[in-house]
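These notes concern the structure reproduced below.
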Amino acid sequence: MSGIVSKRASDIEPSITLSLNTKANALREAGEDVVGLAAGEPDFETPELIKAAGIKAIQEGKTRYTPAAGIVPLRKAVAEAYTGLLGSPYGWKEVVISHGAKHSIFNALYTMTDAGDEVMITTPYWVSYPEMVKLVGARPRIVELTAETGYKLTAERLKSEINSGRPRVLLLNSPNNPAGIVYSREEMEALGRLLLEEKIGIISDEIYEFLTYGGIKHYSPVKLVPGLKDISVVITGVSKSYAMTGWRIGFALAIEELSYRMGAYQAHATGCPNAISQWAALEALKSGADRREEMRAEFEKRRDMFGARLARIPAISFPQPEGAFYFLADVSELYGPCGVTGSGQFCEKLLNEKGLLLIPGGPFGCDNMVRFSFAAGEEQLNMALDRFERFVHDYL
Ligand code: PMP
Ligand code: GLU
């Protein structure tokens, strides 16, 4: 040990989702017989009109620094779109454009918490949440949820968490990664009302807002509870809805007092989001809705096909995903027969024996589970299921 690494940085590890996705791609490129359902990103190409807007931005020389919180036309377009979607008036100064929704969440955590404040995170959670909370100096309060409540936080549970020591913020994600659960209108409204009553802030990660299935609708708590806007940050962006993960554009919507600070923080931390991507994102908002819906419909077909096959596999169970593009299955009955003790070993065995790469649930706070992404073509999904079935068959 050279002593060069700070104590603060000494336990940061890479994101398991990003690194396993990279691993799956590298193995495939090296000609290995590997099927990977690790991807947390649409497998579709960015729509042509959006690509063309990016190319045009380069050709027109829109390649310089932009205002730290983003170009005004994009902030205005986001404000207008979300005033409609959230049913609350948002001005353009209440929008901050960042380098992906991940960055938007980080900015929100930084500006809403002080050192040692607790941020409630419900299981199963997206892998980066606890790490981001720790990085800003706050403390994750992990709220363990189970199949009994459909992995959803109830108002009663929220109340008891609040009563057992005042957390500062709830970080909530619906539609959810990794389980695909979507809070109903009533469930979300009950949470929103309680948060408003108790003056607990909320970061509502709605990055999968347009990806819901079977007629299920996404409800933002801000839309359901008037007044909640003042103590919330809505997080969204173009990555998942418009197949733009690599462009790195996220949006945060919050009252100006907080948006101003997020923009100021960002000004010092990263300067500004990528100029070219901002013009492409503007095109996505202007003209991307049809293509977005086509991709959603394709995800829905895959979900139905994948879910029907998965349901026939013995010894596993899973909540039916109503949004996002993941299945989170409890595979712990197989641990004993396979001779493994957790999701990491299970996934390693599956990769070694059948060439199937899944994401272990451990880093999502649920070591009984594994995550399958259905952001992949039908052939690949079927191949993955064939392999998984053979694996289960070998041990049962
Ligand atoms: N929130 C959740 C729940 C996600 O799954 C992701 C995916 N990376 C993000 C936020 C971040 O999205 P982005 O790629 O725009 O940073
Ligand atoms: N959010 C996606 C996932 O969970 C993308 C990777 C990441 O940013 O973590 O796989």
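Summary table
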read-out: Positive minus negative residues near residue 87 (Lys, Arg vs Asp, Glu; Cβ under 11 Å); value: +2
read-out: Gain in span if fully extended, residue 230 to residue 114, counting 0.36 nm per residue against the direct Cα distance; value: 39.9 nm
read-out: Cα-centred dipole magnitude for the stretch 107-191, charges only on beta-carbon of K, R (+1) and D, E (-1), debye, nearest 20; value: 140 debye
read-out: Mean separation of Cα contacts under 8 Å, 6 or more apart, over the residue count of the stretch 307-396: relative contact order %; value: 30 percent
read-out: Förster-model FRET efficiency, 30 Å R0, residue 216 and residue 257, C-beta, rounded to 0.05; value: 0.30
read-out: Angle in degrees between helix 378-395 and the longest Cα principal axis of the chain, rounded to the nearest 10; value: 50 degrees
read-out: ³J(HN,Hα) computed for each position of the stretch 136-148 - Karplus, 6.51 cos²θ - 1.76 cosθ + 1.60, integer Hz, glycine/proline x; value: 8, x, 8, 10, x, 10, 7, 9, 6, 10, 10, 4, 4
read-out: Order by protection proxy (mean Cβ within 10 Å, highest first), peptides 324-334, 174-184; value: 174-184, 324-334
read-out: Charged-residue dipole, Cβ positions (Lys, Arg, Asp, Glu), the chain about Cα centre, Debye nearest 20; value: 940 debye
read-out: All Cα pairs of the chain, percent lying beyond 36 Å; value: 23 percent
read-out: The chain - accessible surface per residue (Å², probe 1.4 Å); value: 43 Å²
read-out: Cα-projected label distance for residue 7 with residue 333, points at 7 Å along beta-carbon direction, nm; value: 4.7 nm
read-out: Within the stretch 65-87: backbone nitrogen closer than 17 Å to the residue 264 label point (7 Å, Cα to C-beta); value: 68-70
read-out: Inter-probe distance in nm under a simple model that places probes 7 Å from Cα toward Cβ, at residue 294 and residue 348; value: 4.4 nm
read-out: Neighbour cut-off at most 13 other Cβ (10 Å), DSSP loop, trypsin sites (Lys or Arg not before Pro), the stretch 303-341; value: 312
read-out: Leading residue at positive end of dipole, the stretch 1-124 (Cβ point charges), from 37, 116, 17; value: 116
read-out: Separation of the residue 163 and residue 144 label points, Cα + 7 Å toward Cβ, nm; value: 2.0 nm
read-out: Average Cα contact separation per residue, the stretch 66-192, under 8 Å, 6 or more apart, as relative contact order %; value: 20 percent
read-out: Cubic angstrom per residue, convex hull over Cα atoms of the stretch 154-289; value: 136 Å³
read-out: Among 305, 258, 347 the positive-end extreme of the charge dipole of the stretch 258-396 (Cβ point charges); value: 258
read-out: The chain - percent of accessible surface contributed by carbon and sulfur, probe 1.4 Å; value: 52 percent
read-out: Sparse-neighbourhood loop sites, trypsin sites (Lys or Arg not before Pro) in the stretch 175-246 - DSSP loop, at most 16 other Cβ within 10 angstrom; value: 199, 217
read-out: Efficiency of FRET between residue 156 and residue 131 - r from beta-carbon atoms, R0 35 angstrom, step 0.05; value: 0.75
read-out: Amide proton proximity set for residue 356, modelled H, under 5 Å, gap of 5+; value: 35, 351
read-out: Sparse-neighbourhood loop sites, GluC sites (Glu not before Pro) in the stretch 110-147 - DSSP loop, at most 15 other Cβ within 10 angstrom; value: 144
read-out: Simple Cβ-charge dipole of the stretch 1-159, Lys/Arg +1 and Asp/Glu -1, about Cα centre, in debye nearest 20; value: 640 debye
read-out: Per-residue HN-Hα couplings for the stretch 282-294 [Karplus 6.51, -1.76, 1.60; θ = phi - 60°; Hz; x = Gly/Pro]; value: 4, 5, 4, 5, 6, 10, x, 4, 5, 5, 4, 5, 4
read-out: Mean Cβ count within 10 Å, highest first, over the residues of peptides 44-57, 84-97; value: 84-97, 44-57
read-out: Unit charges at the beta carbon, dipole of the chain: most positive-side option, 391, 317, 285; value: 285
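The values are calculated or read from the model by the stated rules, or taken from the named source; none is laboratory data. None of the values given here were measured: they were computed from a predicted structure. Ideal geometry is used to build each Cβ from the backbone, glycine not excepted, and the neighbour counts take in all protein chains shown. These area figures cover heavy atoms from the full protein model, side chains too; ligands, DNA and RNA do not enter into them. Shrake-Rupley method; radii C 1.70, N 1.55, O 1.52, S 1.80 Å.
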